[in-house]
Amino acid sequence: MKIEAITLREIHMPLVHFFETSFGRTTGRRILLVNVHCDGSESWGECVAGEDPFYSEEWIDTAWGVLTRYLAPAVVGHTLGSARECVPLFARVRGHRMAKAAIENALWEAESLENQIPLWKLLGGTRKEIVCGVSIGIQDTVEQLLNKIETELAAGYQRIKVKVKPGWDVRVLARIRERWPDILLSCDANSAYTLADIEHLKGFDRFHLLMIEQPLWNDDFFFHARLQRELKTTICLDESIRHARDVEAALDLHACGIVNIKVGRVGGFTEALHIHDICQTHEVPVWCGGMLESGVGRAHNLALSTLANFSLPGDVSASKRYWKEDIIEPEVTVSPKGRIAVSGEVGTGYRVRPDLIEKLTVRKETVRG
Ligand code: OSB
Ligand code: MG
């Protein structure tokens, strides 16, 4: 594939419903898309960096700068035999994984188009459909949360994850369990607790959660290992797994028993596949996390979720839970049994809607050779 140019776009999309985590509330997304122009193909990638540097250090404006100034110029003009060949070209730039992933993932899509195979097959996927869960943010009242859970269960979703923080945790989990004693339930703290909360966190054990996601610091696994020794509930790491070495260290320390893989957080499909394989060797299940993606990132998450060790329901759910109108067609839809069927078409199996993207674009820049 000869990479002729890369176009970056910032699009604005209001969320159907606000999304609140322990670090704040989001009502609309500023989404950075990259469009890679190869000889003979157009492919897309989504940078999942947020509006603020709250989930991780990266945010849309650092990603824009590093993409236009370093990452796009590092690959434009090059001819690559495969998508993973971009990894060494990006290596000089430290961190900025979400920015790197945006280009790398678009290149995987380009490679699948060039080889005329579905992206999920190129990645090594084996599942024809994936099982979906939902991540439900902090609401204004517990009643609102219970209503949302009821709606998502009726829609068929197979696992409910709720966001928690001090003051919105045991009381909320108790109400959920009172009403649904047997559903697959987990919680995500996005680093809202410290080791001073060990006794409090032990109180979560009585809710029989599938997992508690990232209870402690975003950059830690050492103290998560200490916490895991005190809890019956399995810890799942999200924020603190940045690459394959992190997951090796975390598993060695027994810091978690489940891993959330977000392809943006780990810097692209190549690293995500590596982490998947390490976890599989250790018999540690993984699932695919979400970052409130548009259809572009969602389609990539779906392809990744077809790999064998993605054995737990992920946070990959229907377009309509986020957007009045998604930027891909068809939109991502979920069956009444909470599953998404994978397309047999080449590439992602979803087409981007250039007219709609153009309408939503507020900033655009092209890097040429
Ligand atoms: O921690 O998984 C998280 C959204 C933004 C930032 C962090 C997280 C999330 C989610 C949303 O939980 C998952 C989704 O896309 O539905
Ligand atoms: Mg999380």
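Observations
- Helix-derived mean residue ellipticity, 222 nm - over the chain, DSSP H n ≥ 4, -39500 (n - 2.57), to 500: -8500 deg cm²/dmol
- Most fluctuating residue given options 270, 141, 21, as computed from a GNM of the chain linking Cα atoms under 10 Å: 141
- Inter-part distance where region 320-336 and region 47-120 are each reduced to a Cα centre, Å: 25
- Partner aspartates and glutamates whose Cα lies under 17 Å from the Cα of residue 320, excluding those fewer than 8 positions away in the same chain, are identified as 150, 152, 293, 329, 331.
- Rounded to whole Hz, the Karplus (6.51, -1.76, 1.60) HN-Hα couplings of region 265-274, x for glycine and proline: 4, 9, x, x, 4, 4, 5, 4, 5, 4
- Of 320, 359, 128, the one that fluctuates the most in a GNM where the chain has Cα springs shorter than 10 Å: 359
- Gaussian network model of the chain, springs between alpha carbon atoms under 10 Å - residue of 295, 314, 24 with greatest fluctuation: 24
- Residues of type lysines that residue 165 reaches as a straight line, Cα spacing below 16 Å, ignoring anything fewer than 8 places off in the same chain: 202
- A 1.4 Å probe run over the protein chains yields, for the chain, 41 Å² of accessible area per residue, whole-number rounding.
- Principal-axis analysis of the Cα atoms of the chain puts helix 142-154 at an angle of about 60° to the longest axis.
- Nonlocal amide H pairs with residue 15, under 5 Å, H built at 1.01 Å: 28, 29
- Taking only the Cα atoms of region 214-369, the radius of gyration and Dmax are 17.6, 55 Å.
- Considering all C-alpha pairs of region 112-188, those separated by over 18 Å amount to 49%.
- Antiparallel content of DSSP bridges confined to region 23-114, in %, to 5: 90
- Crossing angle, helix 295-304 versus the chain [Cα axis fit, 0-90 degrees, rounded to tens]: 70
- Rounded if a/c under 1.5, otherwise prolate or oblate - region 1-160, Cα gyration tensor axes: oblate
- Sum of side-chain charges, residue 339 neighbourhood, beta-carbon under 11 Å (Lys, Arg +1; Asp, Glu -1): +2
- DSSP finds beta bridges in the chain, and of those with both partners inside it, around 65 percent are antiparallel.
- For the chain, carbon and sulfur atoms together expose 50% of the accessible surface, with a 1.4 angstrom probe and every protein chain in place.
- DSSP finds beta bridges in region 68-204, and of those with both partners inside it, around 10 percent are antiparallel.
- Distance from the alpha carbon centroid of region 209-234 to that of region 134-189 works out to 20 angstrom.
- Too-long pairs where the Cα-Cα distance tops 22 Å, listed order kept, from 324/359; 100/128; 262/337: 100/128; 262/337
- Kirkwood Rh (inverse of mean 1/r, distinct Cα pairs), the chain, angstrom: 20.6
The values are calculated or read from the model by the stated rules, or taken from the named source; none is laboratory data. Since this is a predicted model, take the numbers as computed values, not measurements. Don't worry about glycine lacking a Cβ; one is built from the backbone with ideal geometry, like all the others, and counts go over all protein chains shown. Accessible surface areas use protein heavy atoms only, side chains included; no ligands, DNA or RNA. Shrake-Rupley method; radii C 1.70, N 1.55, O 1.52, S 1.80 Å.
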